[in-house]
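The values are calculated or read from the model by the stated rules, or taken from the named source; none is laboratory data. Predicted model, so just to flag it, every value in this text is computed and none were measured. Here the Cβ positions follow ideal geometry from the backbone for every residue, glycine too, while neighbour counts run over all protein chains shown.
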Amino acid sequence: MSIEGYIIYGIAGSLLLVSFAKDKDKTLAGLKKGMTSFVKLMPVLLPLFLFVGILLAVVTPAFISSLLGEESGMIGLIFGLSIGSITFMPPFVAFPLGKELLESGAAYPQVAGFLVTVMSVGIVYYAAERRYFSRKSAIFRNLVSFIGALLVIAVVMVVYS
Amino acid sequence: MKKFVSNNKFLMISIILLIVLSVIDINYTYRSIENTRQQIVSMLIIVPPIFVLIGLFDAWVPRQTMIVMMGKESGIKGMAIAFVLGAFSAGPTIAAFPLAMVMLKKGARYANVIFFIMVWSSLKLPIVFYQFSQLGFQFAMVINLTMLLVFITAALFAEKLYTTEQLDAFEEKAAQHS
């Protein structure tokens, strides 16, 4: 488990103890609510994990490298943005991949576009957000992040030109 | 049957994809299942304390406090709190949604809640530090500062997209979700 994993377990554990000491019933009610929202999230999440698992079996890091590689230009930008928007990757997979891409000669804008969209745009998020907020809100937030990715590309092009 | 299919689009698409992949090369199927298993395991490791925190948050933060801190009249303070809550977080963005529901239910403003989600998705501190180590300080900062400006702008304009009724509907829907 990562450092932030330990930290969050530590925080949750200590707050839970404090809460128990202060008010047992309130704590139990809180835990029950947390449990309920966890259980409610599962039916949304599990099919998405299956879907992303399949995507990542086909869209492997090697595959992404081949598309975003050196002098991939405009096509590389489009691939970076679209792969990033469709797939979902844990950060500890996405950022080392970004580093590797840069080291193997991929250009900064392509990698930036991929990394920003992979973090904040995604069908995985969209499907969950639509249920929790609304369709409009889900489209809005994903679109904002996508526009953000385009702006990041523009800024990176200026900074690294 | 029809309702089941339309409610479980991802499941249906996934099953069809798995069948197609099995025909092409069974190794894809194995890898898909292994990927899925890994994701579920890593989620089950990190997510339980987050839901403990969500539960405690729900139990201990009174509605009145939430309205003062992040409600309609909270102004720049509300955005700042949304930023801090999003930045000092860990875990997948998907875990931010149930917490967002608790905020909305207790009277937090939509603009602040959506800003919180945006910050959680891209600018949470564990990720930012990890970015520094992987991508270098400059590249990571160019990305993060640009995104922060985009998110602030988006949060300021977010509520213009909705009617008052639609904004109230978020709170009602949130009450059902948490």
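Have a look at B:G78, B:G86 and point out the one that is farther than 20 Å from B:S178 by Cα, surrounded by 22 or more Cβ atoms within 10 Å (Cβ to Cβ) and assigned by TED's automatic domain parsing to the domain that holds B:L167. One residue alone meets the criteria, B:G78. Residues of segment A:119-141 that are closer than 19 Å to B:Y110 by Cβ and in contact (Cβ under 8 Å) with a residue 40 or more places away in the chain: A:A128, A:R131.
Quick one: which of A:I3, A:I86 is under 22 Å from the mean Cα position of the chain (by Cα), over 22 Å from A:V159 (Cα atoms) and either among the acidic types (D, E) or within 9 Å of another protein chain (Cβ to nearest Cβ) (or both)? Lay out the reasoning, then the answer.
Details: A:I86 fails: either among the acidic types (D, E) or within 9 Å of another protein chain (Cβ to nearest Cβ) (or both).
Unique residue meeting the criteria: A:I3.
Given the options A:L28, A:L50, A:L97, A:L17, name the one that is more than 7 Å from every other protein chain (Cβ to nearest Cβ), modelled with pLDDT of 85 or more and under 30 Å from B:I33 (Cα atoms).
Testing whether each residue is more than 7 Å from every other protein chain (Cβ to nearest Cβ), modelled with pLDDT of 85 or more and under 30 Å from B:I33 (Cα atoms) leaves just A:L97.
Considering only segment B:6-14, I want to know if a residue exists there that is crowded, with 21+ Cβ neighbours inside 10 Å, at pLDDT below 95, hydrophobic (A, V, I, L, M, F, W, C) and within 22 Å of A:M89 (Cβ to Cβ).
Let us first name the residues in segment B:6-14 that are crowded, with 21+ Cβ neighbours inside 10 Å, namely B:14.
Subset that is at pLDDT below 95: B:14.
If we keep only those that are hydrophobic (A, V, I, L, M, F, W, C) as well, we get none.
No, segment B:6-14 contains no residue that is crowded, with 21+ Cβ neighbours inside 10 Å, at pLDDT below 95, hydrophobic (A, V, I, L, M, F, W, C) and within 22 Å of A:M89 (Cβ to Cβ).
Could you list, ordered by first residue, the pairs with Cβ atoms under 8 Å in which the first is in segment A:16-34 and among the charged types (D, E, K, R) and the second is not in a helix (DSSP H, G or I), at least 6 apart or interchain? Pairs that qualify, where the first residue is among the charged types (D, E, K, R) and the partner is not in a helix (DSSP H, G or I), are A:K33/B:S178.
In the list A:F63, A:F88, A:F20, A:F49, which residue meets the criterion of being over 30 Å from B:Q176 (Cβ atoms) and out of contact with any Lys or Arg (no Cβ under 7 Å at 6 or more places or on another chain)? First the steps, then the outcome.
Details: A:F88 fails: over 30 Å from B:Q176 (Cβ atoms); A:F20 fails: over 30 Å from B:Q176 (Cβ atoms); A:F49 fails: over 30 Å from B:Q176 (Cβ atoms).
Of A:F63, A:F88, A:F20, A:F49, the one residue that is over 30 Å from B:Q176 (Cβ atoms) and out of contact with any Lys or Arg (no Cβ under 7 Å at 6 or more places or on another chain) is A:F63.
Run down A:V44, A:V111, A:V39, A:V59 and say which single residue is over 13 Å from the mean Cα position of the chain (by Cα) and without any contact (Cβ under 8 Å) to a residue 12 or more places away in the chain.
On the way: A:V44 fails: without any contact (Cβ under 8 Å) to a residue 12 or more places away in the chain; A:V111 fails: without any contact (Cβ under 8 Å) to a residue 12 or more places away in the chain; A:V59 fails: without any contact (Cβ under 8 Å) to a residue 12 or more places away in the chain.
One residue alone meets the criteria, A:V39.
Could you please give the count of residues in segment B:20-39 that are within 15 Å of A:L55 (Cα to Cα), out of contact with any Gly (no Cβ under 9 Å at 6 or more places or on another chain) and among the β-branched types (V, I, T)? Residues flagged as within 15 Å of A:L55 (Cα to Cα), out of contact with any Gly (no Cβ under 9 Å at 6 or more places or on another chain) and among the β-branched types (V, I, T) within segment B:20-39 amount to 4. Among the residues making up segment A:79-94, those that are under 13 Å from A:I64 (Cβ atoms) and either β-branched (V, I, T) or free of Cβ contacts under 8 Å to residues at least 60 places away in the same chain (or both) are A:F79, A:G80, A:S82, A:I83, A:I86, A:T87, A:M89, A:V93, A:A94.
Does any residue of segment A:58-75 turn out to be at the interface with chain B (Cβ under 7 Å from one of its Cβ atoms) and modelled with pLDDT of 85 or more? Working first, answer last.
Of segment A:58-75, the ones at the interface with chain B (Cβ under 7 Å from one of its Cβ atoms) are A:58.
Narrowing further to those that are modelled with pLDDT of 85 or more: A:58.
Checking segment A:58-75: at least one residue is at the interface with chain B (Cβ under 7 Å from one of its Cβ atoms) and modelled with pLDDT of 85 or more.
Exactly one residue out of A:E103, A:E70 is surrounded by fewer than 16 Cβ atoms within 10 Å (Cβ to Cβ), over 19 Å from the mean Cα position of the chain (by Cα) and in contact (Cβ under 8 Å) with a residue 24 or more places away in the chain, and it is A:E70.
Considering each residue of segment A:125-134 in turn, none proves to be surrounded by fewer than 22 Cβ atoms within 10 Å (Cβ to Cβ), in contact with a Lys or Arg (Cβ under 8 Å, 6 or more places away or on another chain), more than 10 Å from chain B (Cβ to nearest Cβ) and closer than 27 Å to B:M103 by Cβ.
Given the condition surrounded by 23 or more Cβ atoms within 10 Å (Cβ to Cβ) and hydroxyl-bearing (S, T, Y), answer yes or no: does some residue in segment A:139-156 qualify? So far as segment A:139-156 goes, yes, one or more of its residues are surrounded by 23 or more Cβ atoms within 10 Å (Cβ to Cβ) and hydroxyl-bearing (S, T, Y). Scan segment B:9-30 and give yes if some residue there is within 12 Å of chain A (Cβ to nearest Cβ), aromatic (F, W, Y), more than 30 Å from A:Y6 (Cβ to Cβ) and touching a Phe, Trp or Tyr at 6+ places or on another chain (Cβ under 7 Å), otherwise no. Scanning segment B:9-30, I find at least one residue that is within 12 Å of chain A (Cβ to nearest Cβ), aromatic (F, W, Y), more than 30 Å from A:Y6 (Cβ to Cβ) and touching a Phe, Trp or Tyr at 6+ places or on another chain (Cβ under 7 Å), so the answer is yes.
Where helices (runs of 4 or more DSSP H) fall wholly inside segment B:89-178, the ranges with 1 or more residues that are out of contact with any helix residue (DSSP H, G or I) (no Cβ under 7 Å at 6 or more places or on another chain), in contact (Cβ under 8 Å) with a residue 24 or more places away in the chain and more than 10 Å from every other protein chain (Cβ to nearest Cβ) are B:137-157. Can you pull out the residues in segment A:35-47 that are within 7 Å of chain B (Cβ to nearest Cβ) and farther than 19 Å from B:S42 by Cα? Scanning segment A:35-47 gives no hits. Specify the residue that is farthest from the other protein chains (Cβ to nearest Cβ); the eligible residues are those in segment B:31-71 that are under 21 Å from the mean Cα position of the chain (by Cα) and assigned to a loop (DSSP other than H, G, I, E, B). It comes out as B:G71.
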